[in-house]
1. Stretch Trp69-Val53 to full length: gain in nm at 0.36 nm per residue minus the Cα-Cα span?
2. Could you state the angle between the C-alpha long axis of helix 26-60 and the longest principal axis of the C-alpha atoms of the chain, as a value from 0 to 90 degrees rounded to the nearest 10?
3. Could you list the residues of the range 23-64 with an amide nitrogen less than 16 Å from a label point located 7 Å from the Cα of Leu16 in the Cα-to-C-beta direction?
4. So if R0 is 41 Å, what FRET efficiency would Val23 and Arg87 give, r being the distance between their Cβ atoms, rounded to the nearest 0.05?
5. Quick one: helix 2-23 against the long Cα principal axis of the chain, what's the angle to the nearest 10°, folded into 0 to 90?
6. When ranked by the protection proxy of mean other Cβ atoms within 10 Å per residue, highest first, what sequence do the peptides 57-68, 23-34 form?
7. Relative to the compact globular guide of 2.2 N^0.38 Å, what is the alpha carbon radius of gyration of the range 21-118, as a ratio?
Amino acid sequence: MLELLLVLGGLVVIGLIGLLAVVVTPPLMVEVGLWGLAVGLLIGIPTGWWYHVVLYRALAARMALPPRWWRKPVELHPCLTPEEYQRVRPWFVAGALGFFLCLTGGVSAIAGMLVIRFYP
């Protein structure tokens, strides 16, 4: 039964990709990509900054943070208590969501522009 669902799911995905290839035009792809990039920046920058603030406040009271700790802050997560981690995690996830939106929006916009440029 699981195999049948996987095959049907795969066929649905292939069909949706074919449908998207017809419906999504390159200018629309650029526009949606730029909107995704803008939304990702609006979400990611403030939440990413606040994540670093919350992480710093949680750890600075107990330990000396290593130099340039903000470059790899995830390495400091094991130093957090469960309560501190619960305060830090929502900001971490929101910043990661903003980064993901920026990444996918930027790639979509670039791909749309390349299609417009090389396949008129």
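Bear in mind that the values in this text are calculations on the coordinates, not laboratory data. All figures in this text were calculated on a predicted structure; none of them were measured in a lab. Here Cβ is always computed from backbone atoms with ideal geometry, including for glycine, and neighbour counts include all displayed protein chains.
1. My answer for the length gained is 4.6 nm.
2. Tilt of helix 26-60: around 10 degrees.
3. 23-24
4. The calculated FRET efficiency here is 0.45.
5. Orientation of helix 2-23: about 70 degrees from the principal axis.
6. Result, highest mean first: 23-34, 57-68.
7. The reported ratio for this selection is 1.43.
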